[in-house]
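K.L.:
Here it is: the structure, laid out below.
The values are calculated or read from the model by the stated rules, or taken from the named source; none is laboratory data. Everything numeric in this text was worked out from a predicted model, so none of it was measured. Every residue, glycine among them, receives a Cβ derived from its backbone with ideal geometry; neighbour counts consider all protein chains shown. With ligands, DNA and RNA removed, areas are computed over all heavy atoms of the protein, side chains included. Shrake-Rupley method; radii C 1.70, N 1.55, O 1.52, S 1.80 Å.
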Amino acid sequence: MSQAKNNIMIETLKNSYTPAIVGSILLLIFGRVLSKGFLSINNISSILMMTSILTMASIAQAAVIISGDSGLDMSIGAIMSMTALFGPMIVLQSEGASVAVMVIAVIVMGGMVGLINGIGVQFLKVVPLVMTLIMSSVVNGFSIFITKGQPAVSVNDALLGISKQLVGPVRILSAIVIILLVLLEVFFLRKSNYGRSLFLVGNNTNAANLCGINSKWVIIFAYVFAGAIAGLAGLMLVGYAGTAQMNMASSYTMLSVAAVVIGGTKLTGGKGTFIGGALGALVLILIATILQALNMVAGLRSLIQGVILIAILMVNSRAPKLRQ
Amino acid sequence: MIKGKKVVSQSFFPSLLLLVIFFAIMGVMNHGLTLSFVKSLILTNTPALCLAIGVTVTILVGGTDISLGSIVSLVNVVIITLAGLGYSITISALIGLLVAVICGVFNGIVIGIMRVNPLLTTFATSTIYAGIALWILPNPGGSIDYAFAKWYMGGLFGFIMTPVMLLILLVFIWAGAIRTPFGLKAYALGCNEKKAYASGINVNGIRVLVHTFAGLTAGVAGICLTATICSGSPTVGATMSLNSIAAAVIGGVSLNGGKGGIFGAILGAGFLSILSSIVVAANFSSYSQSFIKGLILLIGVIASILAGDKVLKDKIKGIFCKGGAKS
Amino acid sequence: GSGDSTKNATTESTDASEEGFVIGFSNGYWGNTWRAQMVEDFEARCEEYKEDGIIADYMVSNTESDATEQLNQINAMIDAGVDALIIDPVSPTTLTSAVQSALDKGILVVIGSDPAAYEGTYCVCGNDAAFQSILTTWICEKLGGKGNIVSITGEAGVGTDILRQDAAAEILAKYPNIKELASVPGRWSETEAQSVMSTYLSTYDNIDGVLTQDVMAEGILKAFENAGETPSLMTGDTVKSFLTTWSEMDDFDSIGVTYTCGFICTVLDVAVGLLQGEELNESALVANPYDKNLKNTIMLDPTYVVTREGDQDAVWMEGHDLSKAITLDKALEMVADKADTNFLDGWLSREEVAEAYFK
Amino acid sequence: MSLEIKNVSKHYGAVIAIKEANMVVNSGEVRAILGGNGSGKSTLAKVISGLVGSNSGEISFDGVPLDFSSPKDAKKHQVIMTSQELSLFKNLTVEENICICNLPTKNMMTNRKQMKERAKDILKRMQLESLMGKLVSELAPNQQYMVELAKAIVQEPRILIIDEITSALYREDVEIVDEIVSELKQKGCIILFISHRMAELYAMCDSVTIMRNGETVGTYPIMDKTEDEYLSLMIGSKIESYHGEGKHQEKSKRDIFMRANHIPIPSYHTYEMLEIGKGEIIGIAGLQGHGQTDLLQALYGGFGKINIELDGKKVTVKNAKEAVSHGFAYISGDRERDGTFSERNLTENLSAVQELVKHKKIPNAKKVLDELHVKYDNQNELITSLSGGNQQKIVVGRWLTASPRIIFADDPTKGIDVNARTDLHKEFAKIANNGNAVVMISSDDDELVSITSMVKTSKVIVMYEGHISAILEGNDINRENIFAAAMPINAIPEEKGAREDDKR
Ligand SMILES: Nc1ncnc2c1ncn2[C@@H]1O[C@H](COP(=O)(O)OP(=O)(O)OP(=O)(O)O)[C@@H](O)[C@H]1O
Ligand SMILES: Nc1ncnc2c1ncn2[C@@H]1O[C@H](COP(=O)(O)OP(=O)(O)OP(=O)(O)O)[C@@H](O)[C@H]1O
Ligand SMILES: O[C@@H]1[C@H](O)[C@H](O)CO[C@H]1O
Ligand SMILES: [Mg+2]
Ligand SMILES: [Mg+2]
């Protein structure tokens, strides 16, 4: 009996979320020690906002990583930048309606890029890292080509409204993302037939194929999904920022990978969670924010950021020993 | 070493083809290639070629390294700073090289001994190395004796340029290394880590060595770059890392490890360099340039993968000579 | 015949105008609207010259801060036989080899828009020091020489940012009672700046003003808005959307100084003039910002300084006679038919350039 | 000189893999280790060879304690193990693989010439010289297992542990293994031989240690007990094995269930036809790599569109998904590649087909696991925490729950212990008897003889170079006939012409 209890204890401790949660708490305490206002509603609220956007990016990234076959989406930042540019250009009579159409449009746009990624990876056999890396330069090039580098973007008030306070530190954007996160995790990833197939395909494509699962399309859809979610994230980003810039989201690509891994997902595929990615995103944003609060030269800041990241990875994401 | 007929079946063949084709296009567009153009091409791109070699060896053992660009920045900053403090160029360059090797060893230790994922490790260390570079030299600037550039642009026997010598040196070191038992073991490790361990292969040791060598290539790249720009720029290598991976893949190196070699990576990097020039020479409208460049790159990669993939090739053949199997 | 183009230019200008020059422009960064507008300005000006038959063709290349790629692009242009190279450098120190091979071939090299110091070249660039001095003096003066400010700078390690930070430091030194609480890079990004400002707002409760550069103003405003606070003083920007927001905020004061995209037209004018064999006024050339011993630089002062009052005699305008103080309303009028992301722009006419800089 | 294992225990988390194992093996002795799936055989092998650490106990050789920190360490002491999962590198050649653990050098460089010679020597002994220079990825599974053995032999073991490599081998391969084992034995090498095939154990081994639930329950001279007695010791209760020879029903008319007239065998560029009757079990025999797997794959849509007649109706099968929708099942013995989802738990592995492809529920997963006698801790553990044989049972169970109409099985009992294998045969027979069909490849001719005797209509087809070289029915189904058909003596000179003829 106590053996069983012990097991449950060990299971909980081994839960892949634990390090990220513990890390976040430590960072919050550390932040509070450094600056009085760190835990102010406003700051928490702003941290949540930034976390929300990175969370969206990490959901996209996680889907592709889970799909296996060295899946990685290096075009997430580019897709986000693209939809941040083009999304707000949609103008209808009512602002609300515009936003509704924007949401659909950015999902479609992102999904299209994802589809090309997926086809490249599955049919043309280009390695995901390279396919998506090149697609990211194609997408950036496309944005410049179409807008001539001069996007006519003015973000409408309805879209800007995502920064409005809801309850306590939670603003509309964070609320949407949290709800979306849970829905996607539970009903898309864990419960849906698609999500379950995704895990199997990501784990062993060959076996999944023999089971009658069409792994090609399952993987392609993972890229489409990632593109669509990244598209949505881009729209959120521009709503949050209020203005659009070329390449404004380029840093989200690697950050999303880091968030997913810190959240306990292995890069080898077939395994992982969206919620973990969200926690990873929180950790990364907390680190960045704390470092902003410390007044130091830029080089040192970047150095410390890297060291913290390495430390987290060493504590959290080591591969199991070869010898058991 | 490589027999003529066999070249076609080598994994680097597609990249060789791409490179030749694009050189030809460049030649046609500019009514012949001038010696000075080729010379500047070599002078400018040797750092990129070095990194392609470095990243390739890490990919071969199933890893990767995206911190090499930051190491290049760091080496550049170290050399310029030391030269500014009055050290001789030689000493400065050697210390720069040493720093690069240390960075490589550090990557190797975290990846090999601490068993952290290589992509993320080097993402984190790239932040660290770039941070240190920026910390040492917050402002671009400083200068170094022009003799350094002269040395770099000059060469042995008048025609073998220094950068080519340096590249050959790196190629030799690696080619030598893979002819020792280390080489086969590295390829084995790239194929399957668990089996490598079960076969008594020193997994940690190989990873550390490989990243050390990658550090060395970044060091040489840093020296070359410094000789090209003769000045310090703390962010100069930032964009180089991902390019080098693309170069490796175009050169037929499998990102899953165990397949390909540095020769392909060099050709791949060569292709990328000539591509930048071609897009300019073709004088596309500035807004379409990056789009077109991306598309060419995509087509190039797909072409090189198709050329190397027997199954796909057969499929395509099958489409063209229909009925071969059926009637 | 690229080997002797300089000679061509100086001696046979009539010949050149028959055939026309070939101009190459290598732009080292391509990630924001400011740069896009600059390239647009450049191409428009080139088209004018083309119509006049002065230039035969022009080439433009862009890179995303990739120093090696910029060198490749420049080499390709050299090989394609350009008569002059205009370079907006990735970094002020990465051009040595390319400049050398251009000069070896007798190609005119003009470093443009952002400065860099190379022997044998000309440099026609925005005056970052003037730009930032005006902003910094303005905020110090508006605070009455006393108060706490926070700084949000550009991108660490980038030349422009460093020149600007140096200028700001110099001015701040003159106001001992102004305290800079903190300085963090906003990386010329709205979102990064917004995040930095949010952190500032939760870390400090005594911020009297925000000192920043261009591009980031709206992100900073959003941080205030999200915190439910209103900024009172902040150095701003001249992008249309910011100017509009500013004009709608009553208790808020700001200033916009142009680091004008259109400078590139002047760079081109100077390059063409030199190709045509004209000579620069000795007085036009000043020391390069990166090398005090190299007198090869034409410094372009900010074209416009936008404040509510548009006061040309204000303290911050002292010593910046070539910059024009205009009112916010005037500025809005000037960008009225432009896209929201457009910067307040402007350039000297060819005649003005000839007048100001050539003999 | 003897290897002594004293009270060795190993647990993985809460799972106890070996519990106080004891044995003594003398120099020159070939010791069989026999036990059900998950009884701890592989784990014991891994502990001895340094691949995993033990939790307690002592291992000594010649009275000197062996406590290896890694396989490398063990190899230094010439303690070598072949792995059930293979330890070969597909990107390297056969000779490189063989020598990788101990590469000869000359002036620090790999001495390729000497490496080739070494590999050639050993391959010659194994009659596999033709493999020289090939990449391991080009080899058939049985050849890979032989190379795995060669890789071990070349290290000149003093203690050699052979973990189930023969389960993928054909009779003639096994004979070679037998020879090599006797040679080593002569040199005084200690050999631990793990296998589920009783015939081999009787032929090669001197003594046997029985393992059950991680414990060593006894050691006997191999000839002391009958197969059934050993089986009972393994299981812990009395049990009898089943042999099919001579028990087959006479040829009878069958209702055609499925017919395929044009089945491509890509490895040989040939085509074959096959008729499957209702309630029939078809065994496919032949030397490894003569197109058996291709035949099954093709019927399952593995090589693109194939036209078949099912229940008298013409249908096409384009891919596995369609095959599944027609009620086909495909069970592969290559677990790692085709079977298990290593990062997922037992339930997920079990429900892949029924829930995700057929969109039906599995009402009681636990019941399925218990019926198959899977040895597991809880349903939410990863499948990799099960022993090889138990993993395979889950792969089989995945298809059994989907109530298939035709099962295509490629060596489905690979690595499954004797007892479980009989259970599985019974399951297959039950399915066939319900009006469905089973087409099954096995590398073990005995197995085919047994299973085909369990139903009313059955046949064994034997393949040779991409063709069906014989169809055996009724009492013609026996080991001798299968063996004869698998190597048609006079077929060799005519092979080319015959192949051409068959291209319709
Ligand atoms: N499978 C392996 N392959 C190669 N080297 C290994 C392997 N397992 C362990 N090592 C190395 O052997 C040395 C000692 O191993 P040991 O098991 O004591 O590691 P450890 O220090 O306990 O690791 P941990 O940090 O996980 O506690 C370490 O350098 C370790 O990296
Ligand atoms: N890596 C592992 N993690 C957890 N449990 C494991 C692991 N490997 C083996 N086990 C457990 O240890 C026990 C013994 O497994 P082992 O592989 O030694 O069995 P075996 O006798 O070789 O079986 P088989 O005949 O099926 O190969 C099994 O219960 C298995 O579930
Ligand atoms: O794009 C940047 C910024 O807008 C800055 O204001 C000046 O330099 C340009 O390079
Ligand atoms: Mg330990
Ligand atoms: Mg086993």
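K.L.:
Within the range A:194-226, which residues are hydroxyl-bearing (Ser, Thr, Tyr) and under 18 Å from D:Val317 (Cβ atoms)?
P.N.:
Listed by number, the list holds a single entry, A:Ser215.
K.L.:
Within the range B:33-59, track down each residue that is more than 21 Å from B:Ile102 (Cα to Cα) and either in a helix (DSSP H, G or I) or modelled with pLDDT of 95 or more (or both).
P.N.:
Start the filter on the range B:33-59 by keeping residues that are more than 21 Å from B:Ile102 (Cα to Cα), which leaves B:33-46.
Within the range B:33-59, B:Leu35, B:Ser36, B:Phe37, B:Val38, B:Lys39, B:Ser40, B:Leu41, B:Ile42, B:Leu43, B:Thr44, B:Asn45, B:Thr46 meet the criteria.
K.L.:
Here's a follow-up. Report, by residue number, each residue of the range C:94-130 that is open to solvent by 10 Å² or more (accessible area, probe 1.4 Å) and of a type in the set (Ser, Thr, Tyr). Break it down into steps so the answer makes sense when it comes.
P.N.:
Looking only at the range C:94-130, we keep the residues that are open to solvent by 10 Å² or more (accessible area, probe 1.4 Å), and these are C:96-97, C:100-101, C:103-106, C:108, C:114, C:117-120, C:122, C:127, C:129.
Scanning the range C:94-130 gives C:Thr96, C:Ser97, C:Ser101, C:Tyr118, C:Tyr122.
K.L.:
Filter the range D:372-408 for residues that are under 15 Å from D:Asp423 (Cβ atoms) and touching an Asp or Glu at 6+ places or on another chain (Cβ under 9 Å); which is farthest from ligand 2 (Cβ to nearest atom)?
P.N.:
D:Leu400
K.L.:
Tell me, which residue of the range B:110-152 that is open to solvent by 60 Å² or more (accessible area, probe 1.4 Å) and assigned to a helix (DSSP H, G or I) is farthest from ligand 3 (Cβ to nearest atom)?
P.N.:
Out of the qualifying residues, it is B:Ile113.
K.L.:
Still on this model: In the range D:311-343, which residues are at the interface with another protein chain (Cβ under 7 Å from one of its Cβ atoms), in contact with a helix residue (DSSP H, G or I) (Cβ under 6 Å, 6 or more places away or on another chain) and open to solvent by 20 Å² or more (accessible area, probe 1.4 Å)?
P.N.:
Scanning the range D:311-343 gives D:Arg337, D:Ser342, D:Glu343.
K.L.:
What do you reckon, is D:Lys120 open to solvent by 20 Å² or more (accessible area, probe 1.4 Å) and within 27 Å of D:Glu175 (Cα to Cα)? Please lay out each step first, then the result.
P.N.:
On the way: open to solvent by 20 Å² or more (accessible area, probe 1.4 Å): yes; within 27 Å of D:Glu175 (Cα to Cα): yes.
Considered against the rule, which asks whether it is open to solvent by 20 Å² or more (accessible area, probe 1.4 Å) and within 27 Å of D:Glu175 (Cα to Cα), D:Lys120 comes out as yes.
K.L.:
Moving to a separate point now. How many of the residues making up the range D:1-53 are more than 16 Å from ligand 1 (Cβ to nearest atom) and within 24 Å of D:Glu381 (Cα to Cα)?
P.N.:
19
K.L.:
Being among the hydrophobic types (A, V, I, L, M, F, W, C), at pLDDT below 95 and open to solvent by 20 Å² or more (accessible area, probe 1.4 Å): is that true of A:Leu267 here?
P.N.:
It is true that A:Leu267 is among the hydrophobic types (A, V, I, L, M, F, W, C), at pLDDT below 95 and open to solvent by 20 Å² or more (accessible area, probe 1.4 Å).
K.L.:
Contact list please: Cβ distance under 8 Å, first residue in the range C:30-44 and part of a loop (DSSP other than H, G, I, E, B), second residue near ligand 3 (Cβ under 8 Å from one of its atoms), pairs at least six apart or on different chains.
P.N.:
C:Asn32/C:Trp188; C:Asn32/C:Val215
Per-residue answers, yes or no, for (1) closer than 20 Å to D:Arg335 by Cα; (2) open to solvent by 20 Å² or more (accessible area, probe 1.4 Å):
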position: D:Lys358; (1), (2): no, yes
position: D:Pro363; (1), (2): no, yes
position: D:Lys367; (1), (2): no, yes
position: D:Val374; (1), (2): yes, no
position: D:Gln391; (1), (2): yes, yes
position: D:Trp399; (1), (2): yes, no
position: D:Ser403; (1), (2): no, yes
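A quick yes/no check of all residues on (1) within 24 Å of D:Ala437 (Cα to Cα); (2) within 16 Å of ligand 3 (Cβ to nearest atom); (3) in a helix (DSSP H, G or I):
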{"residue": "D:Lys361", "(1), (2), (3)": "yes, no, no"}
{"residue": "D:Val374", "(1), (2), (3)": "no, no, no"}
{"residue": "D:Gln392", "(1), (2), (3)": "yes, no, yes"}
{"residue": "D:Ala402", "(1), (2), (3)": "yes, no, no"}
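K.L.:
Determine, yes or no, whether B:Gly200 is out of contact with any strand residue (DSSP E or B) (no Cβ under 8 Å at 6 or more places or on another chain) and either away from ligand 3 (no atom under 16 Å from the Cβ) or free of Cβ contacts under 8 Å to residues at least 40 places away in the same chain (or both).
P.N.:
Spelling it out, B:Gly200 is indeed out of contact with any strand residue (DSSP E or B) (no Cβ under 8 Å at 6 or more places or on another chain) and either away from ligand 3 (no atom under 16 Å from the Cβ) or free of Cβ contacts under 8 Å to residues at least 40 places away in the same chain (or both).
K.L.:
Any idea which of (1) out of contact with any strand residue (DSSP E or B) (no Cβ under 8 Å at 6 or more places or on another chain); (2) more than 16 Å from ligand 5 (Cβ to nearest atom); (3) of a type outside the set (Phe, Trp, Tyr); (4) under 21 Å from D:Ile235 (Cα atoms) is the one D:Val15 doesn't satisfy?
P.N.:
The number of the failed condition is (2).
For every residue, the table says whether it meets (1) within 16 Å of ligand 3 (Cβ to nearest atom); (2) within 14 Å of another protein chain (Cβ to nearest Cβ); (3) in a helix (DSSP H, G or I); (4) surrounded by 22 or more Cβ atoms within 10 Å (Cβ to Cβ).
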{"residue": "D:Leu88", "(1), (2), (3), (4)": "no, yes, no, yes"}
{"residue": "D:Lys116", "(1), (2), (3), (4)": "no, yes, yes, no"}
{"residue": "D:Ser130", "(1), (2), (3), (4)": "no, no, yes, no"}
{"residue": "D:Val147", "(1), (2), (3), (4)": "no, yes, yes, yes"}
{"residue": "D:Gln155", "(1), (2), (3), (4)": "no, yes, no, no"}
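K.L.:
From the residues in the range C:69-88 that are in a loop (DSSP other than H, G, I, E, B) and open to solvent by 10 Å² or more (accessible area, probe 1.4 Å), which one is farthest from ligand 1 (Cβ to nearest atom)? Walk me through how you get there before you give the answer.
P.N.:
Of all residues in the range C:69-88, those in a loop (DSSP other than H, G, I, E, B) come to C:81-83.
Narrowing the set further to residues that are open to solvent by 10 Å² or more (accessible area, probe 1.4 Å) leaves C:81, C:83.
Details: C:Gly81: 59, C:Asp83: 62 Å.
Within the range C:69-88, the match that is farthest from ligand 1 (Cβ to nearest atom) is C:Asp83.
K.L.:
Looking only at the range D:44-69, which residues are open to solvent by less than 20 Å² (accessible area, probe 1.4 Å) and either within 13 Å of chain A (Cβ to nearest Cβ) or near ligand 5 (Cβ under 9 Å from one of its atoms) (or both)?
P.N.:
Within the range D:44-69, D:Ala45, D:Val47, D:Ser49, D:Gly50, D:Val52, D:Gly53, D:Phe68 qualify.
K.L.:
Then there is this: Looking only at the range C:198-209, which residues are more than 9 Å from every other protein chain (Cβ to nearest Cβ) and over 13 Å from C:Lys146 (Cβ atoms)?
P.N.:
C:Ile207
K.L.:
Answer yes or no as to whether B:Lys185 is open to solvent by 30 Å² or more (accessible area, probe 1.4 Å), within 16 Å of ligand 1 (Cβ to nearest atom) and of a type in the set (Lys, Arg).
P.N.:
Taking the combined requirement at face value, the residue satisfies it.
K.L.:
Right, here's the next one. Looking only at the range A:313-324, filter to residues that are away from ligand 5 (no atom under 16 Å from the Cβ) and open to solvent by 40 Å² or more (accessible area, probe 1.4 Å); which one of those is farthest from the chain's Cα centre (by Cα)? Break it down stepwise before answering.
P.N.:
Residues of the range A:313-324 away from ligand 5 (no atom under 16 Å from the Cβ): A:313-323.
Now restrict to residues that are open to solvent by 40 Å² or more (accessible area, probe 1.4 Å): A:314-315, A:318-323.
Details: A:Met314: 22, A:Val315: 22, A:Arg318: 21, A:Ala319: 22, A:Pro320: 25, A:Lys321: 29, A:Leu322: 31, A:Arg323: 34 Å.
Residue satisfying both the conditions and the ranking: A:Arg323.
K.L.:
Return the residues of the range A:295-320 that are part of a loop (DSSP other than H, G, I, E, B) and within 7 Å of chain B (Cβ to nearest Cβ); say none if nothing qualifies.
P.N.:
Selection gives A:Val297, A:Ser317, A:Ala319.
K.L.:
Take the residues in the range A:136-156 that are open to solvent by less than 20 Å² (accessible area, probe 1.4 Å) and facing another protein chain (nearest Cβ under 7 Å); name whichever of them is modelled with the highest pLDDT.
P.N.:
Result: A:Val138.
K.L.:
From the residues in the range B:190-232 that are within 14 Å of chain C (Cβ to nearest Cβ) and more than 15 Å from the chain's Cα centre (by Cα), which one is farthest from B:Tyr146 (Cα to Cα)?
P.N.:
Checked the range B:190-232; the qualifying residue farthest from B:Tyr146 (Cα to Cα) is B:Gly232.
K.L.:
Could you list all residues from the range B:188-197 that are closer than 16 Å to A:Ala319 by Cβ and either among the acidic types (Asp, Glu) or open to solvent by 10 Å² or more (accessible area, probe 1.4 Å) (or both)?
P.N.:
B:Asn192, B:Glu193, B:Lys194, B:Lys195, B:Tyr197
K.L.:
So, in the range A:157-193, exactly how many residues are within 14 Å of chain D (Cβ to nearest Cβ) and open to solvent by less than 50 Å² (accessible area, probe 1.4 Å)? Quick ask: steps written out before the conclusion?
P.N.:
Going through the range A:157-193, the residues within 14 Å of chain D (Cβ to nearest Cβ) turn out to be A:189-193.
Then keep just the ones that are open to solvent by less than 50 Å² (accessible area, probe 1.4 Å); that gives A:189, A:192.
Residues that pass the stated criteria total 2.
K.L.:
Another question about this same structure. Read through the list (1) within 11 Å of chain B (Cβ to nearest Cβ); (2) modelled with pLDDT under 90; (3) not in a loop (DSSP other than H, G, I, E, B), then give the number of the only condition that A:Gln292 fails.
P.N.:
Only one criterion in (1) within 11 Å of chain B (Cβ to nearest Cβ); (2) modelled with pLDDT under 90; (3) not in a loop (DSSP other than H, G, I, E, B) is unmet by A:Gln292, namely (1).
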